[in-house]
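Structure first, commentary second.
The values are calculated or read from the model by the stated rules, or taken from the named source; none is laboratory data. Computed from a predicted structure; not experimentally measured. Backbone-built Cβ (ideal geometry, glycine too); neighbour counts: all protein chains shown.
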Amino acid sequence: MNTFMLLLPETILLVFAFALLALDLIWKPRSNTLAIIMLTGALVTLAATIFVWMQANNGVIQLAVISTDGAGAVPMLAMDRFAMFFKVYAALTVALVGLLATDYVREKIRYPGEFYALMLFAGLALMLVASSTNLVMIFLAFEFLSITSYLLTGFMRNDAFSIEAALKYFLYGAVASAVMLLGFSLIYGATGSLDLHGIATGIRSSDPSIIHVLAIPAIVLIIVGLGFKIALVPFHQWSPEAYQGAPTPVTAFLSVGPKASGFALMVRVLTVAFPAFARTANTDWVLILTGIAIITMTFGNVVAIWQKNIKRLFAYSSIAQAGYMLIGVIAIAPQFVGGVPPIEGWDQGLNGLLLFLFGYLFTNLGSFAIILAVENKTGSSSVEQFNGLVKRAPYLSIAFVIFLLSLIGIPPTAGFIGKLLVFGAAIKQQMYVLAAIGLFNSVISVYYYLGIARKMFFSPAEDTTPIPVSRSLNFVVTISMVLVLAIAIGAQPFLDWVSGSTQILATVF
Amino acid sequence: MEKLFALTPYIPLFPLLAFALIVLWANKNNKLSAGLAIAGLGLSTIISWLIAIATIVGGEHVQVEGWSLTIPWLPTGTGVFNMGFAVDGFTAAMLFMVPFVSSLIFIYASEYMEGDSRYARFFAYVSLFVSGMLTLVVADNLLLLFIAWEIMGLCSYLLIGFWFEKDSAKKAGLKAFLTTRVGDVLFFGGMLLLYSQTGTLTFREIFTPAVLERLAEATIWGQPASVVISLLIFGGAVGKSAQFPLHVWLPDAMEGPTPVSAMIHAATMVSAGVYLVARMLPLFAVVPVGSLQWVAIIGAITAFFGATIGIAQNDIKRVLAYSTISQLGYMMIGLGLGGFLAGIFHLLTHSFFKALLFLGSGSVIHAMEHGAHHAHDHETDPQDMMNMGGLANRMKKTYIAYMAGTLALVGIVPFAGFFSKDEILAEAWHQAGGFNFGSIAFWAWLAGLLGAFVTALYMGRQIGLVFLGKPRTKLAEHAVEPGKRMTYPLLVLGFFALTLGFINIPKNVPIIGNGWLHEFAGLIYESTEVLNLEALPLNWGLAGVATIIGLAGFFGGIALYRGHQAGQSDPMVKLLGRPLFTLLKNKYYVDEFYFAVIINPVVKLANFAGKFDYDWVINPIVNFVGNTGKWLSIVSGEFDRVVVDGLGVLGTARFFRWMGKELRYTQTGQVQNYLLVIALVSLSLVGAYLFGLGF
């Protein structure tokens, strides 16, 4: 496979994005036409991604650029199965969010061409982040993703909330990026390498007393930057505002896309570049992440209880969910002690994280499709709108209950399998306190998740007219529901897939 | 031709399908339901006949070795339990009879049941019933046979109690179910023992010489295993085929609609018991003096006593019911004396002519009910023969058909019953070897011969009372022949009642002797010391005696009753004397005996146990435990409410709600604050690490 073929998904996204911009400029087609083009692009990308994924064997294929300083080829992108998992994820995200956005865009967005093009660009950014193995490339891809996200968040130019959200998001993001960049520069200074493998080698071959002074702050600062992307407490504060202010399809995108990217990068950077620091005294990124996971879960769940706006509620819910997912990252760490090759079962937490993310993709997008249907009809995203929903839209209500159960983590839903693997991995690593806190938080979350279900089924509706559901939303809801159940009921093929995707990380060092 | 055998599993399938379709879909449409039932069974009949023909023309290879299909069904610890289907000559003979007779009954019922509010349900039940019987016939192992057997048990319960508004029908259904259940339990026990001894329930595997020998040598409770097992299995047959002492349910089963009576008495239910014994006969015959003689003894008792009860009954269907019991006794005599073919030959012929008689009686009842309707008389019992008379003139076709059935039952040359009954009596006579008073076979022969006389007598009585003489009531005066769907099946059955005996005329009869049935169905097992599979020649003397006795009884009965007038006392009273007649009329008080010895004590015991439970011991204990639990739960409830809920659950919940409420305020909406947080957190984390503060 040549380089072009490896980059086929990215290329397709790029072509379609530019085509959308050009078409919009020249012919001003109707919103639906643009939506169809965008969806076609997304689906072709998905197909291409799966094609490349099938081609990529379990080795590493590095894409490199020729360095100007004569150092030879510098690896930039890794086309491995781990990256391919997140590319499939990205293509699915773009396709589903695009589908879910069609009605909303038709009704509310003035420049649909740009909107859809930005969606594709965002998808491209997601893919690039997943592949990046060089700090420069990582930073560029990350900024690309951030900037498209800012633009999408503030796309409702006449809506003060949207503008405000975008501005806050941008300011916060800029600072977070700056912090992360500082971390990058520190690590470059310490090891003289921008490549993740090079950094690991550099750390191993350096004097520990010196390297620690530079590497430890670097790790902390990088985690801050990633924490922003994932919306981990206490770097989450942009998210409730951005989620609430952004156009709802964008909220849906933010809740799954950048979050997954952040995790992809976190896993890659921490395991590839800093395995040596996983569990050494006082330089323990596991400890930082553990603390962050605990406050993230607890804070997200506790504050979610009080939210009156469903989008804001889902912002806190997604914060809490990220906290659970983080346990999966933590659970792999102890296996990395001193750079020894990992032992059997090291990847359970990581597999759990990937499967958790994959289930969460469908759970959250399905939920947002329902939120959108309600919002399109009522014009409001208040939680009160869900009162008596079962009489207005019985199918949506039942589907929503399934999604909520998945968010709580009750079988037979994808959320259950994700939590099972992640918490199971923590218990296997004897992180009983962490697992217990995770479980305890799941109990807290029942309160507000099932609160929505209670409103749908038992509270009387003020308005009992049926809620019309467009075919595209219905499709998203149905396919999400099917997958949420399928991942739980027929878990094995999905498990095989994710564990096939994570093996590459074991061979890295 | 042999490829046809692959269709065997479909034989029971079509009626089952009809049952499912009627229950799930067609039940609102009467015509469609009946059509489905008849079509389903019709298809089965066609396949069955094709298979029967294929077996008959297939030669000895197919008839003895047979065809079988085995499906590994249930993995057991040591192997696999096989289920499957099998066809041999005997099966083929059954396949000729069961679906055909049943479909005639279905056609008949489609008219007979008209106007019934549960018409569709009736056809669903009978379809399932026939499906059960057909499964039983083609089963290659005892378990599948038992399943089919139980399906029939259920259907008989449902159908006998079909008119469950009538208390008597409800009770009769229950009685049939419980009584046959006594036999079923024995059968099931026998099956379990058989499986534990041999590890298989497949007929073919059981009947290999090695397995049979093992069964003869092994002992259970000091008896040869084969004897114990076969007697237990015979227990099942006693229940199902209404043999003494479990015969009591059959007369009461008359409470069901008449076509059901015909089904139960001819094509399905009671035949199953005889079929079971015939099928298992090699097991019965392993030990020369063992279980087989008991079959003959029970059969002889049943044949004679069943017949005698018949002469004192006035209900037209009850007479036939006791006749069935008695005729089943004949079959058991035949089988019990090792005459495999004699038993199954009589099973086949009897099915035809008894179906005919029942349907004929249904026709008569139908006509009488019509008369009742016409005369606005709903007090008079339309089933009581004393209320009939002279119906021959009003119902020609029914009369002709009924006469054919009667002559077949009585055993008049050349009707079917003559040949088959004669074969049984010849078998008995042959086994006894003449007037040998020490031989069971002789007494069985005597019982059979006397029974034949009594049979002729009660049938003559019936003909005289029902068809001859003058109408004794308005009902009989206004009786009208029913329509074609009822009369034509009668005529078809009449034809078979006349001719079916010809399929097995002993070979020594000049010109027409053929021994045909014997050749294709009678040789499927090996002959042994007590199991006689050889054809017996016609014993002219015996046949003559039997014919004379039959004619004497028959014409005696007609002569006694043809001039019977309304209000006269039964001539039989004078003939037998009042005490004996009363004894017969009350069926030897067997029901009363059961009530006195079993049912009432059991009810008393149940009452006592109930009292024990409710008033004396168990309930007070339960109440005490319950009350204690109640008090405990009140205490622990309070503990929960105050301590766990108040401080624990609600406290926790309140704490987190409060925490959430307070933490909300961290979201100030001021981006400056947010950036301050990120800066402070980053700095403090880095500082904490760098200066080794740790966490």
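Some points to look at:
- Comparison of A:LEU232, A:LEU171, A:LEU254 shows that the only residue that is crowded, with 23+ Cβ neighbours inside 10 Å and within 14 Å of another protein chain (Cβ to nearest Cβ) is A:LEU232.
- Set B:VAL681, B:VAL644: member being within 9 Å of chain A (Cβ to nearest Cβ) and not aromatic (Phe, Trp, Tyr): B:VAL681
- Wholly within segment B:525-607, helices (runs of 4 or more DSSP H) carrying at least 3 residues that are out of contact with any His (no Cβ under 9 Å at 6 or more places or on another chain) and of a type in the set (A, V, I, L, M, F, W, C): B:540-561, B:571-576, B:578-585
- B:ALA242 assigned to a loop (DSSP other than H, G, I, E, B) and touching a Leu at 6+ places or on another chain (Cβ under 6 Å): yes
- The condition (being part of a helix (DSSP H, G or I), of a type in the set (A, V, I, L, M) and crowded, with 16+ Cβ neighbours inside 10 Å) is satisfied by just one residue among B:ALA52, B:ALA86: B:ALA52.
- When restricted to residues that are buried (at least 20 other Cβ atoms within 10 Å of the Cβ), farther than 28 Å from B:PHE284 by Cα and modelled with pLDDT under 80, segment B:501-558 contains 0.
- Inside segment B:425-459, residues that are in contact with a Ser or Thr (Cβ under 8 Å, 6 or more places away or on another chain) and under 18 Å from B:ALA312 (Cα atoms) make up a count of 5.
- For the residues A:PHE386, A:PHE403, the requirement of being crowded, with 22+ Cβ neighbours inside 10 Å, within 20 Å of the chain's Cα centre (by Cα) and within 17 Å of A:MET456 (Cα to Cα) singles out A:PHE403.
- When A:LYS377, A:LYS419, A:LYS391 are screened for being within 24 Å of the chain's Cα centre (by Cα) and among the basic types (Lys, Arg), only A:LYS419 passes.
- When we screen B:ILE298, B:ILE333, B:ILE309 for residues that are touching a Lys or Arg at 6+ places or on another chain (Cβ under 6 Å) and either at pLDDT 85 or above or crowded, with 24+ Cβ neighbours inside 10 Å (or both), the only hit is B:ILE309.
- Look at (1) buried (at least 21 other Cβ atoms within 10 Å of the Cβ); (2) modelled with pLDDT of 90 or more and you find that A:ALA436 fails only one, number (1).
- Enumeration of residues in segment B:498-555 that are on the phi > 0 side of the Ramachandran plot and hydrophobic (A, V, I, L, M, F, W, C): B:ILE511
- Restricting segment A:235-251 to residues that are hydroxyl-bearing (Ser, Thr, Tyr) and within 14 Å of another protein chain (Cβ to nearest Cβ) leaves a set whose member that is nearest to A:LEU171 (Cα to Cα) is A:SER239.
- The one condition in (1) surrounded by fewer than 18 Cβ atoms within 10 Å (Cβ to Cβ); (2) part of a helix (DSSP H, G or I) that B:ASP184 fails to fulfil: (1)
- Comparison of B:ASN619, B:ASN627, B:ASN600, B:ASN586 shows that the only residue that is modelled with pLDDT of 85 or more, more than 9 Å from every other protein chain (Cβ to nearest Cβ) and within 52 Å of the chain's Cα centre (by Cα) is B:ASN627.
- Filter result (at the interface with chain A (Cβ under 8 Å from one of its Cβ atoms) and surrounded by 12 or more Cβ atoms within 10 Å (Cβ to Cβ)) within segment B:647-672: B:ALA653, B:PHE656, B:ARG657, B:MET659, B:GLY660, B:LYS661, B:LEU663, B:ARG664, B:THR666, B:GLN667, B:VAL671
- Members of segment B:9-23 found to be more than 14 Å from B:ARG121 (Cα to Cα), surrounded by 24 or more Cβ atoms within 10 Å (Cβ to Cβ) and not hydrophobic (A, V, I, L, M, F, W, C), listed by number: B:PRO12
- Any hit, segment A:488-497, residues being aliphatic (A, V, I, L, M), in contact with a helix residue (DSSP H, G or I) (Cβ under 9 Å, 6 or more places away or on another chain) and either surrounded by fewer than 15 Cβ atoms within 10 Å (Cβ to Cβ) or within 24 Å of A:VAL390 (Cβ to Cβ) (or both): yes
- Filtered residues of segment B:678-695 (kept if at pLDDT 80 or above and either in contact with a Cys (Cβ under 7 Å, 6 or more places away or on another chain) or surrounded by 17 or more Cβ atoms within 10 Å (Cβ to Cβ) (or both)): B:ILE678, B:VAL681, B:SER682, B:LEU685, B:VAL686
- For the criterion of being away from chain B (no Cβ under 11 Å), over 22 Å from A:LEU124 (Cβ atoms) and free of Cβ contacts under 8 Å to residues at least 40 places away in the same chain, A:ILE310 fails.
- Count of residues meeting criterion [under 16 Å from B:TYR125 (Cβ atoms) and either buried (at least 19 other Cβ atoms within 10 Å of the Cβ) or over 12 Å from the mean Cα position of the chain (by Cα) (or both)] in segment B:145-173: 18
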